[in-house]
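Below is one structure, written out as structure tokens; comments come after it.
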Amino acid sequence: MTKLTVLIPAFSYAVKHVRPGLSLHLANQALALRRIAKTMDVRVVIVSTPEEDSPGLWEQVRKEFDEQDIYLLDSDAESLPRVARDIVKQHGRVVVHVHGTRQLRALSSLKTEYPDLVRIVYTVHSFRNASWKRRLYSWVLSQMLRRSVDYTLFLTPYAVNQFVNHQTVFKAGRGGIVPLGIEQDDYDATDKPDLSFLDENHQREIQNDDAFNFVYLAAFKPGKGHEWMIRSLAPVFAQHRNAQLILPGWGSEAIQNSLRSLAIRLDISSQIIWPGKISRAAVANLLRCCHVGIVPSLSETFGQCIVEPMAAGLPVIGTRKGVGEWLIMDYSTGIGVGYGDEKALARAANFCLTHQEEVSAMGQRAANLVNLIFDWNAITASHLRMYDSLFSQSSK
């Protein structure tokens, strides 16, 4: 492999619906790259702010990274270009893997200054694909990618097709598809899940031996489909009073209040559990108490809300968006439904409630599939091969 340094700006800016600081998937990407790069002539450096959006991330990063490979920015993220220039001057060939337009704008001048030493890789996460802004935003972004980026990564084929003007990237041979990875949770299946992050009433309801728990891991935002999901489930829940829907998450209070009122009108409020915002560490324990994941969203660029339940051994009833387009295989790993198709969602939920052995088998197949495909080590190995090709091609 060509000798190079990989620079990961591992932080999110404080914008609407995005928490600032070191985020989970950026930390996991950096850690996996670090583990694999140790066996090669590749150096991985991480540049971030002191904040983090999930407790304990910095502790893990510092445990695995050498101190000289961690660069902490001032609170003003404008210091990012300065730090990046110092890294290029010190290490020579550098691949900068960015995950947002603000980072791209801040670093794009590096290619002009060091055309032989810098390559920029960009991962497309969200482009307002659940609204009319999708067309404008993705067209503008495609122009930025064409001018400043050597290789663009999309998370799913679905995301590519939703991205206006994606031909600009792919026809030039400068785009590809690599998904995010998932955490591999190590736990003893005989241990009781730790639900201490919930109040006692919620713990008792979720761990009721007779309960059949559906779960939707999603923020309360427009396009996530909470309302039509609750309407769809109401007649099924009326027939199966042991059925429960768990809705953890943060987001719009107005949406949450509207959903609570809807559940009361439909007489299923006692069967919906609202844990509020929970930590990343709590998700795995919650999923161990659930039976089926539900994802009724209008659009997903990737679909962590699909992958995480599957990795925990749950089949998913969902719209085939993002990874759901090819992960949700009917009555094998889950059941696909069209957005807003209340009858289909109700039918799928009723099947799960009345065929629990089949549900367990479906969940196991889902886990086998996603734990193989979305292993962070395998994904970052793909990243490293792609990084190498960007310099190898130019050196011929």
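Data for the structure
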item: Hits in the stretch 77-124 (condition: in a helix (DSSP H, G or I) and among the hydrophobic types (A, V, I, L, M, F, W, C)); result: LEU80, VAL83, ALA84, ILE87, VAL88, LEU104, ALA106, LEU107, LEU110
item: Residue within the stretch 186-197 that is exposed (fewer than 14 other Cβ atoms within 10 Å of the Cβ), part of a loop (DSSP other than H, G, I, E, B) and among the aromatic types (Phe, Trp, Tyr) present; result: yes
item: Every residue from the stretch 65-75 that is of a type outside the set (Ser, Thr, Tyr) and surrounded by 16 or more Cβ atoms within 10 Å (Cβ to Cβ); result: PHE65, ASP69, ILE70, LEU73
item: Criterion (touching a helix residue (DSSP H, G or I) at 6+ places or on another chain (Cβ under 9 Å), surrounded by fewer than 23 Cβ atoms within 10 Å (Cβ to Cβ) and in contact (Cβ under 8 Å) with a residue 24 or more places away in the chain) met by exactly one of ILE272, ILE294; result: ILE272
item: Positions within the stretch 337-359 being part of a helix (DSSP H, G or I) and loosely packed, with under 14 Cβ neighbours inside 10 Å, in sequence order; result: LYS343, THR354, GLN356, GLU357, GLU358
item: Cβ pairs under 7 Å, 6+ apart, first in the stretch 242-259 and in the same structural domain as LEU217 (by TED's automatic domain parsing), second part of a strand (DSSP E or B) and polar (S, T, N, Q); result: GLN244/ASN213; ILE246/ASN213
item: Matching residues, the stretch 38-58, being more than 21 Å from the chain's Cα centre (by Cα) and either buried (at least 19 other Cβ atoms within 10 Å of the Cβ) or modelled with pLDDT of 90 or more (or both); result: VAL42, ARG43, VAL44, VAL45
item: The listed residue being surrounded by 16 or more Cβ atoms within 10 Å (Cβ to Cβ), assigned to a helix (DSSP H, G or I) and not acidic (Asp, Glu), out of ALA234, ALA254, ALA238; result: ALA234
item: Any hit, the stretch 219-231, residues being touching a His at 6+ places or on another chain (Cβ under 9 Å), in the same structural domain as VAL337 (by TED's automatic domain parsing) and part of a loop (DSSP other than H, G, I, E, B); result: yes
item: Selected residue (criterion: nearest to SER392 (Cα to Cα)) from residues of the stretch 98-123 that are among the β-branched types (Val, Ile, Thr) and out of contact with any strand residue (DSSP E or B) (no Cβ under 7 Å at 6 or more places or on another chain); result: THR112
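The values are calculated or read from the model by the stated rules, or taken from the named source; none is laboratory data. Fair warning: this is a prediction, and the values are worked out from it, not measured in the lab. Here the Cβ is made from the backbone with ideal geometry for all residues, glycine too, and neighbour counts use every protein chain on show.
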